Amino acid sequence: MAKGDHLYVYRNWGTLTHHGLDCGDGTVIHYRDGDAIVRSTLASFSAGQQLYSKPYAQADAPDVAIKRAFSRLGERDYHIVFNNCEHFVVWCKTGQHQSQQVNRALQTSLVGGILGGMALGSVFAIPAVAAAGAYGLHKRFEQANEAKDPQQAAASLRSALGELERLEHQLQPQLDHALREAYRWDCTARLALRRQREDLAKAALAKKQPFKKEALALHGQLQEVQALAHRLRQALPSLDRGEWV
């Protein structure tokens, strides 16, 4: 690992990759947990997982990449398809805004027939195939595209469905926790106002805000995961019957 390297680690049983830029001093700049661009230690970034470095045929000088990364510290404009952690690091390295995970998914054929054109999320209309790539499922869909018959394709897609279901089980308790905390601080603020303690009410509302934002982000991600899983469940019976979609 060296200054200006594009680092990444596998997360969620290998279904997701998380990306960051090596500052060369034991720290990494990255989009932390879909919240904000931060500077963390290598240990915090890797979270105990093996670190990998992504090679580039062409990239700007390390100092240029790091300067770009520092210019966006504190940004809170994450979106899993349009502005994710990989988009950020590729932009730092090259000045171009792209995600290989998303691009791979957009190039698929069988998967495009199954998922293409479906709108996801309550805020953005996202092609489902792009969302699939963003969740790190492109390997499963590539296997489905390369399958010799519908049953083989179905097996790969069923594996992708299992990964989506595991991700859903992980996201749901996180969302429940964020909602409970937001509600708890909201109730505290209301109680403080009834007691004419505006200072305590403001403090409680400040505590509520990060949980509210986290809940909104998790809700959007959970909707995307559930919509993808639903579309796969609709497609699998046809493949099981030996019919190509």
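The values are calculated or read from the model by the stated rules, or taken from the named source; none is laboratory data. From a predicted model like this one, the values you see are computed outputs, not experimental measurements. When we count neighbours, we look across all protein chains shown, and the Cβ atoms used for this are built from the backbone with ideal geometry, even at glycine. With ligands, DNA and RNA removed, areas are computed over all heavy atoms of the protein, side chains included. Shrake-Rupley method; radii C 1.70, N 1.55, O 1.52, S 1.80 Å.
Averaging sequence separations of C-alpha pairs under 8 Å and six or more residues apart, then dividing by the length of segment 148-245, give the relative contact order as a whole percent. Let's see the in-between values first.
Numbers: 79 pairs, mean separation 43.7, N = 98.
Relative contact order, segment 148-245: 45 percent.
For segment 1-53, with every protein chain kept in place, what is the accessible area per residue (1.4 Å probe, Å²)?
Working: 2360 Å² over 53 residues.
About 44 Å² of surface per residue is accessible.
When only Cα pairs under 8 Å and 6 or more residues apart are kept, what is the percent relative contact order across segment 133-203?
Details: 30 pairs, mean separation 12.2, N = 71.
So the answer I get is 17 percent.
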Measure of exposure for residue 73: accessible area at 1.4 Å probe, Å² rounded to 10, is 70 Å²
Highest mean packing first, using Cβ neighbours within 10 angstrom, the peptides 218-231, 171-184, 194-207 sort as 218-231, 171-184, 194-207
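I'd like to check one number: the per residue accessible area of segment 153-226, probe 1.4 Å, reported in Å² as a whole number. List each step's numbers first, then the result.
Values: 4480 Å² over 74 residues.
Each residue of segment 153-226 exposes 61 Å² on average to a 1.4 Å probe.
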In whole percent, the fraction of accessible protein surface over segment 1-66 that belongs to carbon or sulfur atoms, probe radius 1.4 Å, stands at 49 percent
